[in-house]
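Here's the structure we're looking at; comments come further down.
The values are calculated or read from the model by the stated rules, or taken from the named source; none is laboratory data. A quick note: this is a predicted structure, and the numbers were derived from the prediction, not measured. Don't worry about glycine lacking a Cβ; one is built from the backbone with ideal geometry, like all the others, and counts go over all protein chains shown. Heavy atoms of the whole protein, side chains included, go into the accessibility calculation; ligands, DNA and RNA do not. Shrake-Rupley method; radii C 1.70, N 1.55, O 1.52, S 1.80 Å.
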Amino acid sequence: MEGRPVIRVLLADDQEIVRTGMAMILSAEDDIQVVAQAQDGLQALELAESHRPDVVLMDIRMPRLDGLDALRHLTRPHAAHRPQVVMVTTFDDEDYLTRAVAAGAAGFILKDSGPRLLAEAVRAAAAGDSLVSPSITVRLLRRLRTGGSAPGTASAPGTAARPGATQLSPREREVVVLLAEGLTNAEIATALSITVGTVKTHLTNVQAKLGARNRVEIAAWAWRNRVAGQGG
């Protein structure tokens, strides 16, 4: 697409047929380029260092080094290059997903998601407007509210209440609630009759107040602290 920067993507999955399928789908998009493919976590780290992708689509269960450990390495605070990492998963990975929230995942998508959603997930991650598959958004985050999170995630960044949490303005809380329900920045802007730029400003302020690394951690905080999901 003319005028739009090309998004560089690394695919990491131990199943060649899955990698091939995702590569074919993404390569058909004018603004997305698959720069490398990894068959396990260790190779993903090596290729991420050499190719410096904007977005990594990472399977959770892989040999040698699984997706969670590779995710933690890629999102470590002092990493020279920190791509946005979207975890690719199946429904039976819920415990892994709660760990991925704590490890800094920027989004989640199901392996059987269609071509449109796959491309949207890449674009959203690259823009900092990370996408979580609608079918797992509330199901995953509600587990954080009901005590279903994996051991050790309670004190992870963004998943527990921080001193700044009580300092959220009424508008910031409205933005957080809508974000936690899976809305994009554009959808939040429409719902609140504000600009997308204003939404981004609110989210930047919220991240600073909560000590959250990304919008997924903001959503996790909202569910854990019952800011979201009051309707059931």
| request: Using the structure shown, decide if Ile32 is open to solvent by less than 30 Å² (accessible area, probe 1.4 Å) and touching an Asp or Glu at 6+ places or on another chain (Cβ under 8 Å). | output: no
| task | Count, please, the residues in segment 148-180 that happen to be over 16 Å from Val206 (Cα atoms) and either at pLDDT 90 or above or open to solvent by less than 80 Å² (accessible area, probe 1.4 Å) (or both). | result | 7
| said: Suppose the filter is open to solvent by less than 40 Å² (accessible area, probe 1.4 Å) and either modelled with pLDDT of 60 or more or acidic (Asp, Glu) (or both); does Ala124 pass it? | reply: yes
| query | How do the helices (runs of 4 or more DSSP H) wholly within segment 167-232 filter down when requiring 2 or more residues that are in contact with an Asp or Glu (Cβ under 8 Å, 6 or more places away or on another chain): which remain? | reply | 185-192, 196-210
| remark: Flagged pairs (Cβ under 9 angstrom, 6 or more apart or on separate chains; first in segment 166-190, within 20 Å of Ala106 (Cβ to Cβ) and touching a residue at least 40 places away in the same chain (Cβ under 8 Å); second open to solvent by less than 80 Å² (accessible area, probe 1.4 Å) and among the basic types (Lys, Arg)) are Leu179/Arg215; Asn185/Arg215
| said: Restricting to segment 56-66, give me the number of residues that are open to solvent by less than 50 Å² (accessible area, probe 1.4 Å) and more than 18 Å from the chain's Cα centre (by Cα). | reply: 2
| remark: Note on segment 69-102: residues under 23 Å from Gly182 (Cα atoms) and either open to solvent by 10 Å² or more (accessible area, probe 1.4 Å) or assigned to a loop (DSSP other than H, G, I, E, B) (or both) are Thr75, Pro83, Gln84, Thr90, Phe91, Asp92, Glu94, Asp95, Tyr96, Arg99, Ala102
| Condition broken by Arg142, with the remaining ones in (1) modelled with pLDDT under 60; (2) over 28 Å from Asp112 (Cα atoms); (3) surrounded by fewer than 17 Cβ atoms within 10 Å (Cβ to Cβ) satisfied | (2)
| query | Cβ-Cβ below 7 Å, separation at least six or inter-chain, first residue in segment 108-120 and within 19 Å of Val216 (Cβ to Cβ) and open to solvent by 60 Å² or more (accessible area, probe 1.4 Å), second of a type in the set (A, V, I, L, M, F, W, C) and at pLDDT 80 or above: which pairs? | reply | Lys111/Val18; Lys111/Val88
| said: Among the residues in segment 44-55, are any under 21 Å from Ala220 (Cβ atoms), of a type outside the set (S, T, N, Q) and surrounded by 16 or more Cβ atoms within 10 Å (Cβ to Cβ)? | reply: yes
